[in-house]
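Peer 1: Pasting a structure here, questions to come.
The values are calculated or read from the model by the stated rules, or taken from the named source; none is laboratory data. The shown structure was predicted, so the numbers you read here are calculated from the model rather than taken from an experiment. Backbone-built Cβ (ideal geometry, glycine too); neighbour counts: all protein chains shown.
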């Protein structure tokens, strides 16, 4: 349930994008994240630090996307969030006495300390990889950034709404705008399906990994 709630702003962003484009979708995502934080406070009288950090980054970078009419800012947000998560998990190795993953899960499951340490490092690597994967899609796989810059240069306008290509351009510029919009949509699809898919696969793999070591722990303690 918590997993679905955490992904709610991303899901609403995706739906709003399909209906009205990236600027409306960004506003919807900000509103959803604010509602998410308000719900957490109402229910628990406590909001997780990383949830607040995620909201802050979304407000700043999403706000810049809306104010400057440039999607690249909100496209950087998933990378920064993932790298902040990586930094938090990495920092917990030296601060606080226990890896962050152990603090999060040790109340529900018991495995040897070396397993927690190893799993914490795997989460660090996962978050670093996810951040890099997002940038790869933005700049390489989709080619969005290059297409956006080419459209800006050709049209002479730095503020282009790709959801309104037909209303804004004709001829070659229309074709160029629609191409950029398709590339933007590639990133939006990755943001929902790609990032969620990577996370689900990693969590499932983590489950199998922990289950194997719980079984081993019942039989003989692991010391390495």
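Peer 1: Kindly provide the set of residues from segment 79-98 that are under 22 Å from the mean Cα position of the chain (by Cα) and closer than 21 Å to residue 213 by Cβ, ordered by number.
Peer 2: 89, 92
Peer 1: Here is a follow-up. Condition check: in contact with a helix residue (DSSP H, G or I) (Cβ under 7 Å, 6 or more places away or on another chain), without any contact (Cβ under 8 Å) to a residue 24 or more places away in the chain and either exposed (fewer than 12 other Cβ atoms within 10 Å of the Cβ) or more than 20 Å from residue 74 (Cα to Cα) (or both). Does residue 201 satisfy that?
Peer 2: On the way: in contact with a helix residue (DSSP H, G or I) (Cβ under 7 Å, 6 or more places away or on another chain): no; without any contact (Cβ under 8 Å) to a residue 24 or more places away in the chain: yes; either exposed (fewer than 12 other Cβ atoms within 10 Å of the Cβ) or more than 20 Å from residue 74 (Cα to Cα) (or both): yes.
For residue 201, the condition - in contact with a helix residue (DSSP H, G or I) (Cβ under 7 Å, 6 or more places away or on another chain), without any contact (Cβ under 8 Å) to a residue 24 or more places away in the chain and either exposed (fewer than 12 other Cβ atoms within 10 Å of the Cβ) or more than 20 Å from residue 74 (Cα to Cα) (or both) - is not met.
Peer 1: I would also like to ask the following. Out of the residues in segment 87-104 that are in contact (Cβ under 8 Å) with a residue 12 or more places away in the chain and in a helix (DSSP H, G or I), state the one that is surrounded by the most Cβ atoms within 10 Å (Cβ to Cβ).
Peer 2: Applying the filter and picking the extreme gives 89.
Peer 1: Continuing with this model, one more query. Restricting attention to segment 70-86, does a residue exist that is exposed (fewer than 14 other Cβ atoms within 10 Å of the Cβ) and either farther than 27 Å from residue 20 by Cα or free of Cβ contacts under 8 Å to residues at least 40 places away in the same chain (or both)?
Peer 2: So far as segment 70-86 goes, no, none of its residues is exposed (fewer than 14 other Cβ atoms within 10 Å of the Cβ) and either farther than 27 Å from residue 20 by Cα or free of Cβ contacts under 8 Å to residues at least 40 places away in the same chain (or both).
Peer 1: Answer yes or no: is there a residue in segment 129-145 that is in a loop (DSSP other than H, G, I, E, B) and out of contact with any helix residue (DSSP H, G or I) (no Cβ under 9 Å at 6 or more places or on another chain).
Peer 2: No: zero hits.
Okay, residues lined up against (1) in contact with a strand residue (DSSP E or B) (Cβ under 8 Å, 6 or more places away or on another chain); (2) exposed (fewer than 15 other Cβ atoms within 10 Å of the Cβ); (3) within 28 Å of residue 9 (Cα to Cα):
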{"site": "145", "(1), (2), (3)": "no, no, yes"}
{"site": "148", "(1), (2), (3)": "no, no, yes"}
{"site": "153", "(1), (2), (3)": "no, yes, no"}
{"site": "164", "(1), (2), (3)": "no, yes, yes"}
{"site": "169", "(1), (2), (3)": "no, no, no"}
{"site": "176", "(1), (2), (3)": "no, no, no"}
{"site": "190", "(1), (2), (3)": "no, no, yes"}
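Table: residues versus (1) in a helix (DSSP H, G or I); (2) at pLDDT 95 or above.
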| residue | (1), (2) |
| --- | --- |
| 157 | no, no |
| 166 | yes, no |
| 178 | yes, yes |
| 182 | yes, yes |
| 191 | yes, no |
| 196 | yes, no |
| 199 | yes, no |
| 203 | yes, no |
| 206 | yes, no |
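Peer 1: Right, another one. If residue 107 satisfies all but one of (1) surrounded by 14 or more Cβ atoms within 10 Å (Cβ to Cβ); (2) without any contact (Cβ under 8 Å) to a residue 60 or more places away in the chain; (3) farther than 16 Å from residue 73 by Cα, what's the number of the condition it fails?
Peer 2: Residue 107 satisfies every listed condition except (1).
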